[in-house]
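Participant: Have a look at the structure that comes next, please.
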Amino acid sequence: MHDVWFWVAAAIAAVLVGMSKGGVPIVGMLAVPVMALVMSPVLAAGLLLPVFVVSDVFGLYAYRQAFDRRVLAIVIPGAVVGIGIGWATASIVPEPAVTLVVGVIGVAFALSLILRRGVEGPPQRAEVARGLFWSAVAGFTSFVSHAGAPPYQVYTLPLRMRKEVFAGTTTIAFAVINAVKLVPYYALGQLSIGNLRTAAALAIPAVIAVFVGVRLVRWLPEKLFFRLVVWALLLISAKLIWDGATALI
């Protein structure tokens, strides 16, 4: 039987997941750390995956007409390969090391954008080789620690998509990633009937938060939206460095 603090943390995590599926950048990555305050991070990742998947359905509906087909055609196959690599190496790859590396990548990229004002530059073309590489990294890190956003944004932010298209493309890409992850997570024993019952309860605030997130994205000015994306990427990546380093030490 879960205590009150578990449900407080779980409700906050569910809202963060839902808002991320509504297009609010990065906040979904805070969900596992919040849940880690009351349970094992590994168990938290397994518990929250069904909440991600349910929220994805509503995010897909909200952004069904706002996405970039070329980017998705590149990102999804690469991410699936990355998930497969994560599954194959699950028993030998230390999660803290992956977390640390993801944090370093995210901080370096965010600082480069901030220092050269890269967010406001001309759009780049969605190159296949670069996209397959970074999406594979995103699939791998998403599988290991739900931290796929930094590698994904290294590829997608320079494309300068409109904010709605950026949010929709991100939502669809991670909806597929999360759905694919269900199979290996189940095979590795990280999904259980008890988890599904709890996840069903958490899906309610998560779904409500999806539509709150959609409205927030529409309300934010374009330049402010992408500045928030970059600064959020910097802060979350710095936290990943801290988490990874302290775990390794």
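No lab work stands behind these numbers, since they all come straight from the coordinates. The structure presented is a predicted model; accordingly, all values stated were derived computationally and were not measured.
Participant: At a Cα cut-off below 15 Å, give the aspartates and glutamates reachable from Lys239, other chains included and same-chain residues fewer than 8 away excluded.
Facilitator: Hits, sequence-local ones excluded: Glu95.
Participant: Grab the Cα-Cα distance for Val128 and Ala245, subtract it from 0.36 nm times how many residues apart they are, and report the gain in nm with one decimal.
Facilitator: Here the answer is 38.8 nm.
Participant: Which residue fluctuates most in the GNM of the chain (Cα springs below 10 Å): Ile172, Ile76, Ile193?
Facilitator: Looking only at Ile172, Ile76, Ile193, the largest GNM fluctuation is found for Ile193.
Participant: Name the residue, out of Ala199, Ala14, Ala108, whose mean-square fluctuation peaks in a Gaussian network model built on the chain with Cα pairs under 10 Å.
Facilitator: Largest GNM mean-square fluctuation: Ala108.
Participant: Pick out the long, greasy-scoring helices in the chain: whole DSSP H runs spanning 20 Å or more along their own axis by Cα, mean Kyte-Doolittle at least 1.6.
Facilitator: Membrane-span-like by this rule: 4-21, 41-62, 95-116.
Participant: Still on this structure, I have one more. I'd like to know how segment 59-174 sits against the 2.2 N^0.38 Å rule of thumb: what's its Cα Rg over that expected value?
Facilitator: Computed over Cα atoms of segment 59-174, the ratio equals 1.06.
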